[in-house]
Structure formats: structure tokens, C-alpha cells
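The values are calculated or read from the model by the stated rules, or taken from the named source; none is laboratory data. All values reported here derive from a predicted model rather than from experimental measurement. Cβ atoms come from the backbone with ideal geometry, glycine included; neighbour counts cover every protein chain shown. Protein only, heavy atoms only, side chains kept; ligands, DNA and RNA dropped before computing areas. Shrake-Rupley method; radii C 1.70, N 1.55, O 1.52, S 1.80 Å.
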Amino acid sequence: MKRRTLRGTLGDTELRRLVVDDGQLNHGYLVKEFHVWSTSYGGARNSEMVLSLTQDITSGWRAEDSRQIGWGAMITQTGGVESLQTFSLIDPDHIVLRDLYIKALNADGGNYMIVLEPVTLTDNETILTLIKEDRES
């Protein structure tokens, strides 16, 4: 099975469903890379996003919510010297079996690129993954 790359642009606090359940619960995806960057160039610009296994994304980055599996940001600052900071963190212990959602947490939205690697699970691994996916904490 081949890697998949998903990319796009989100608007102001937009939520988007990226992977739709195909009904084959023994086939899933691992998020290998998650990149976030602004849609504008120059000056102060920010972009913050979260990847989740549910559309119920409340406020911010919540590590205690096991349904959130990735966090990314790009932040620039101006004031004489321009600086650029990027951040990307992916929970290494996750598998996307059903749906994957992405949400922009800032008013400017931004661009994203996600690299997914297909995985095949045993029946027992599938059951454990489904249990974890349905828990908030």
C-alpha cells in the first residue's frame, strides 16, 4: 500500500473531514507528517491547527483528549527582526480507522499537508484502536 498525501487550505476556524470511514476496520492510517503554514507572505502571520479522530474539537490543544492526535502551528513575529517558528507534534501511538478531522484554531486559517501511511491490523488491534478512538480521556 502506498503513502497518501493530503493538503489544502482552511479558512477562519474551519473544520474539515479529511478521511472518511470506508467500512474496512482492519485497514487504517498512521499520520507520519503534519505541516502547517500561513496563507499569507510577509509581516506577522499565524496558523494553528489540530488533527482529531472526531469532529468534536473543543478549544485548543488538549493532550488529555485521546481523540486529538496531532498539533501544528506556524507563528511569525515582526518588530525590527522577523522570526519564524514552526511546531508539529504527532501522537506516535495512534491509528486512524474511521474518520480524520482537521480544524484551524485561529482566525486566519492556513495551509496544511499531512502524510498518511496505510496499515493493516489484526482483529484484536482493531478492537483496541476503536476503544481508544471513542474515549475523550
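Couple of notes before you dig in:
- Subset tally (residues that are of a type outside the set (A, V, I, L, M, F, W, C) and open to solvent by 50 Å² or more (accessible area, probe 1.4 Å)) for the stretch 87-102: 4
- Any strands (runs of 3 or more DSSP E) falling wholly within the stretch 1-119 and containing at least 3 residues that are farther than 22 Å from LYS132 by Cα: 4-10, 27-37, 46-52, 68-77, 83-90
- Scanning the stretch 85-106 for residues that are modelled with pLDDT under 90 and of a type in the set (Gly, Ala, Ser) yields nothing.
- For ASP22: the one exception among (1) in contact with a strand residue (DSSP E or B) (Cβ under 8 Å, 6 or more places away or on another chain); (2) modelled with pLDDT under 90: (1)
- Criterion violated by GLY28 - all others in (1) within 30 Å of ILE127 (Cα to Cα); (2) surrounded by fewer than 19 Cβ atoms within 10 Å (Cβ to Cβ) satisfied: (2)
- Checking THR78 against (1) surrounded by fewer than 19 Cβ atoms within 10 Å (Cβ to Cβ); (2) modelled with pLDDT of 90 or more; (3) among the hydroxyl-bearing types (Ser, Thr, Tyr), the condition it does not meet: (2)
- Enumeration of residues in the stretch 31-48 that are over 12 Å from ILE114 (Cα atoms) and open to solvent by less than 50 Å² (accessible area, probe 1.4 Å): SER38, GLY42, GLY43, ARG45, SER47
- Count of the stretch 107-122 residues which are open to solvent by 20 Å² or more (accessible area, probe 1.4 Å), of a type outside the set (A, V, I, L, M) and either within 21 Å of GLU64 (Cα to Cα) or modelled with pLDDT of 85 or more (or both): 5
- Test: residue in the stretch 94-114 that is farther than 17 Å from HIS35 by Cα and without any contact (Cβ under 8 Å) to a residue 40 or more places away in the chain: no
- Any chance ASP65 is touching a helix residue (DSSP H, G or I) at 6+ places or on another chain (Cβ under 9 Å) and more than 18 Å from ARG17 (Cα to Cα): no
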